[in-house]
Amino acid sequence: MSVTAAQGFTAAGIAAGIKENGKADLALVVNNGPRKAAAGVFTSNRVKAAPVLWSEQVLKGGLVSAVILNSGGANACTGPQGFQDTHATAERVAEVLQVNAAEVAVASTGLIGVTLPMDRLLPGVDKAAAELSAHGGEKAALAIKTTDSVHKTAVVEGAGWTVGGMAKGAGMLAPGLATMLVVLTTDAEVEAPALDAALREATRTTFDRVDSDGCMSTNDTVLLLASGAAQVVPEEGEFAEAVRAVCADLARQLIGDAEGASKDIRVDVVGAASEADAVEVGRSIARNNLLKCALHGEDPNWGRVLSAIGTTSAAFEPDRLNVAINGVWVCRNGSVGEDREGVDMRYREVVITADLAAGESAATIWTNDLTADYIHENSAYSS
């Protein structure tokens, strides 16, 4: 299960010495073909890390031979030197693998504002290349972890073809993809434009609807690579659904591993006048820190849900709003509904349903509770 589940891919994950703790910190994923089509989506943050700027240019060509990913440093806000380091990394991968540097995507994650130790990273490229394996997907997934407590992988099987993937991310999760690095692979025969269409639609309803803490990263990168090794051309809709399913699985794992979280919160907005309204309301609820604290304390405080809805521009009438928490409709028509004491909040997953009673559109946003552990982890992050 991972980026090497699909035929035509090899991967490796090694400790290059980028992290001071000596843990794995450099991953390499290689598309051995026969095709090398690719697509990518990146953070919408206007402050972009050097590897994002590099990889955006690479993906314009629609071809990717390899992806090199490091944890232990974001290489963001590092000026011209940071971009030179990204370029040098791509050149080193190209030299070792005998490919074109313009077909090498680069991704980084870690602390912002710190330059990478290139004297360790570049020799690490050589080591990773020497350890490439068709069974190296799990090691690659382990090497891209930062504050993640677990590595994240997913696979979906099609009719003679496969889509697999790996992801990292546990904090700074907000729209604009969530702070994450994701590499998806497939052995289906799919050209770059179709990959791009499938990936953008998948991320729109999965990664873009993970909103853990309202903080947008500088490094978000999601790549989809196709080797064509299965020699099967899938039906367009079936392929798009497989990509969506892998993205949805990985996105759910991101929330499940959110920093310090004790509750995974699913916000279902229904009865909206438009999908855009549903997404806006869902985000507002997901970002309400008072609500997130209440849910951590297992308090079904539905008033905080209504107050969050009221800050949006969505179409609704306040006296028609309905809210359920874990299936109990605690608010009916903008007022008191069923007894809140009937809400069972003992379990990790909490489902909030907000009915705007304004239309037929719906959307789901995933978030988590706000805990003392989250504050502690992020207060000590740079150390």
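The values are calculated or read from the model by the stated rules, or taken from the named source; none is laboratory data. As the structure is a prediction and not an experimental result, all values here were calculated from the model. Neighbour counts run over all protein chains shown; Cβ positions are idealised from the backbone, glycine included. Keep in mind that these areas ignore ligands, DNA and RNA; they rest on the heavy atoms of the full protein, side chains included. Shrake-Rupley method; radii C 1.70, N 1.55, O 1.52, S 1.80 Å.
The residue of the stretch 215-237 that is nearest to the chain's Cα centre (by Cα), among those that are modelled with pLDDT under 90 and hydrophobic (A, V, I, L, M, F, W, C), is Met216.
Tell me whether the stretch 354-370 contains one or more residues that are hydrophobic (A, V, I, L, M, F, W, C), farther than 30 Å from Leu254 by Cα, touching a Leu at 6+ places or on another chain (Cβ under 8 Å) and touching a residue at least 24 places away in the same chain (Cβ under 8 Å).
Residues of the stretch 354-370 that are hydrophobic (A, V, I, L, M, F, W, C), as a first pass: 354, 356-358, 362-363, 365-366, 370.
After this cut, where a residue has to be farther than 30 Å from Leu254 by Cα as well, the list is 357-358.
Now drop any that are not touching a Leu at 6+ places or on another chain (Cβ under 8 Å), which leaves 357.
Next, from what is left, pick out any that are touching a residue at least 24 places away in the same chain (Cβ under 8 Å): 357.
Yes.
Candidates in the stretch 353-380 are the residues that are open to solvent by less than 90 Å² (accessible area, probe 1.4 Å) and part of a loop (DSSP other than H, G, I, E, B); of these, the one that is modelled with the lowest pLDDT is Ala380. For the stretch 74-91, the set of residues classified as in contact (Cβ under 8 Å) with a residue 24 or more places away in the chain and on the phi < 0 side of the Ramachandran plot consists of Ala74, Ala76, Thr78, Gln81, Gly82, Phe83, Asp85, Thr86, His87, Ala88, Thr89, Ala90, listed by residue number. When residues in the stretch 240-281 are screened for being among the acidic types (Asp, Glu), closer than 28 Å to Ala194 by Cα, surrounded by 17 or more Cβ atoms within 10 Å (Cβ to Cβ) and over 20 Å from the mean Cα position of the chain (by Cα), 0 of them pass. Considering only residues in the stretch 218-239 that are more than 30 Å from Ala76 (Cα to Cα) and touching a residue at least 60 places away in the same chain (Cβ under 8 Å), the one that is surrounded by the fewest Cβ atoms within 10 Å (Cβ to Cβ) turns out to be Glu238.
Condition first: more than 30 Å from Ala230 (Cβ to Cβ), in contact with an Asp or Glu (Cβ under 9 Å, 6 or more places away or on another chain) and touching a residue at least 40 places away in the same chain (Cβ under 8 Å). Can you find one or more residues in the stretch 18-36 that meet it?
Within the stretch 18-36, the subset more than 30 Å from Ala230 (Cβ to Cβ) is 18-23, 25.
Still in the list and also in contact with an Asp or Glu (Cβ under 9 Å, 6 or more places away or on another chain): 18-19.
This time we only want the ones that are touching a residue at least 40 places away in the same chain (Cβ under 8 Å), so: 18-19.
Yes, the conditions are met somewhere in the stretch 18-36.
Restricting attention to the stretch 58-72, the residues that are open to solvent by 30 Å² or more (accessible area, probe 1.4 Å) and touching a residue at least 40 places away in the same chain (Cβ under 8 Å) total 3.
The one condition from (1) under 19 Å from Ala15 (Cβ atoms); (2) touching a Leu at 6+ places or on another chain (Cβ under 9 Å); (3) of a type outside the set (A, V, I, L, M, F, W, C); (4) assigned to a helix (DSSP H, G or I) that Thr86 does not meet is (1).
Against the criterion of being buried (at least 24 other Cβ atoms within 10 Å of the Cβ) and in a loop (DSSP other than H, G, I, E, B), Asn75 qualifies. Among the residues of the stretch 204-214, is there at least one that is aromatic (Phe, Trp, Tyr), surrounded by 19 or more Cβ atoms within 10 Å (Cβ to Cβ) and more than 19 Å from the chain's Cα centre (by Cα)? No.
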